[in-house]
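J.: Provided herewith is a single structure, encoded as C-alpha cells, for subsequent inquiry.
The values are calculated or read from the model by the stated rules, or taken from the named source; none is laboratory data. Please read all numbers here as calculations on a predicted model, not as lab measurements. Neighbour counts are summed over all protein chains in view; Cβ atoms, including those assigned to glycine, are modelled from backbone coordinates with ideal geometry. All accessible areas refer to the heavy atoms of the entire protein, side chains included, with ligands and DNA or RNA removed. Shrake-Rupley method; radii C 1.70, N 1.55, O 1.52, S 1.80 Å.
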Amino acid sequence: MGTKGRHRPEAAIAALAIALAAAAAASLMLGRYDMSVADVCRMLASRVAPIEQTWTAQQETLFFRVRLPRVILAIMVGCSLSSAGAAFQGIFQNPLVSPDFLGASQGAAFGACLAILYGASSLAISATAFAFSMLSVAVVLLVSKFSRGNRILVTVLAGVMVSSLFNAGVSFVKLVADPTSQLQAITFWLMGSLTSASQRDVLLIAGPVVVGNIGLLALRWRLNALTMGDDEAVSMGVDAPRVRSVVIVLATLIVASCVSVSGIIGWVGLVVPHLARGLVGADYRRLLPASMLLGATFLLVVDDIARMATTAEIPIGILTAFVGAPFFMWLITRGKRI
C-alpha cells in the first residue's frame, strides 16, 4: 500500500504527459480542413528526412504556417501560465493568487492598447506589451523594497495598486480610441486569442519561456521550503527573500512573454495548479511538472473548442473564464482545503 502511494504521483505525471501528446496530435489533425494521422506524421518527418510528398501544397502551408505554430504556442502559454500560478501560490502562501496579481497582465494590456492606439505593427504591439508587463512588476518590487512592514503583504498591496493604475490607463485608451477600428482591435486583444499565432510568435517567446520554466524547475525544493514560511525556510538554509525575488522575476518573465503574444488569458494559472495539486500532492518537485503538463493540455483542448465550436472563432479568454470560474466555485464549495 505504501509503495502504491509513492508511485501514484509519478504515474499521474506520466499519464499527464501521454494526455498532452494525445491532445497535441489531435489538435494537429482537427480543424476546418481535417488531416489524417499519416499526412501529419509524413509532413513532420519530411523536415528531417526525404519523403515522397503525398499531401497538397495547401495542406503543407496550412500545417506549418498556421496549425503547428498555434499548437506549439498553446502548449507554451498553457504550460507557462500554470507554472507561474503554482509558483506564485507557493511563495505567497495563498491559494487564490494567479499569475497576473502583481500587475503583469494589466501592464501588458496597457502597453498593447497604447501600441494599437498609435497604429504599431503586431511585432511592436508584442514588444510594448512585454516591456510594460515587466515594468509593472518592477514597480511592485521597487515599492515593496522601500516599504516597511510585512514584505509579502506590501508586495500584494503594491500589486493591487499597480494593477488598478494600469487598468485606469486601459480605460482611458479605450475612451480615446477610434471606435470603428482601434477599439475593436483593443477589445479583441484584451479577450485573449491564439488566432494570429505564427512561427515568429513562437520564436519570439521561446527563449524567455524556456529560461523561465527551467529556472522555476531548478528551484522546486526551495519553493517547498517557502511554502512553510520564511522562518522555517531560513532554518533549512534557504534565503527566503532572495529566492522569492528570483521566483517573481522568472514567473513574470514567462507571463509577460506569453501575454505579449496571446493577450490576457485568465483562470489557467489559478485553476490548473489546484487540479494538479489534487493529482500529485503539494510537493513542488512533482506539482510544478504536473501543473505544466496539465496547463498545456488544458489550453490545447480549450483552443480546439475555440476554433471549432462556431464559424466565428471564440476568443480563448472567454472560454477559460466559462470553464475556470464554475470549476473554482465548485472547488471552494466542496469544503476541502484548496
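J.: Under the definition of Cα pairs under 8 Å and six or more residues apart, what whole-number percent is the relative contact order of the chain?
T.: Computed over the chain, the figure is 30 percent.
J.: Per DSSP helix of 4 or more residues, -39500 (n - 2.57); summed, then divided by the residues of the chain. What does that give at 222 nm, rounded to the nearest 500?
T.: For the chain, the value works out to -25000 deg cm²/dmol.
J.: Could you size up the charge dipole of the chain around its Cα centre, putting +1 on the beta carbon of Lys and Arg and -1 on that of Asp and Glu, and report it in debye to the nearest 20?
T.: It works out to roughly 760 debye.
J.: Can you give the direction-averaged projected area of the convex hull of the alpha-carbon atoms in the chain, in nm²?
T.: Averaging across all directions leaves 20.1 nm² for the Cα convex hull.
J.: Okay, next question. Enumerate the helices in the chain for which the Kyte-Doolittle hydropathy averages 1.6 or more and the C-alpha atoms extend at least 15 Å along the helix's axis, using complete DSSP H runs.
T.: 122-145, 151-176, 240-262, 316-333
J.: Can you pull the Rg over Rh of the stretch 133-200, Cα-only, Kirkwood?
T.: A ratio of 1.14.
J.: Sticking with this structure for a sec: Using alpha carbons only, how many angstrom separate the centre of the stretch 245-315 from the centre of the stretch 84-125?
T.: 13 Å
J.: If you look at just the Cα atoms of the stretch 251-316, how large are its Rg and its Dmax in Å?
T.: 13.5, 43
J.: Would you work out the relative contact order for the stretch 211-338, in percent, from Cα pairs under 8 angstrom that are 6 or more residues apart?
T.: 24 percent
J.: Counting only heavy atoms of protein chains, what accessible area per residue, in Å², does the stretch 111-186 have with a probe of 1.4 Å?
T.: With all protein chains present, the stretch 111-186 gives 55 Å² per residue.
J.: For the stretch 60-115, compute Rh as the Kirkwood radius over C-alpha pairs and then the Stokes-Einstein diffusion coefficient at 37 °C and 0.692 mPa s; write the answer in µm²/s, rounded to an integer.
T.: Details: Rh = 13.3 Å.
It comes out at roughly 246 µm²/s.
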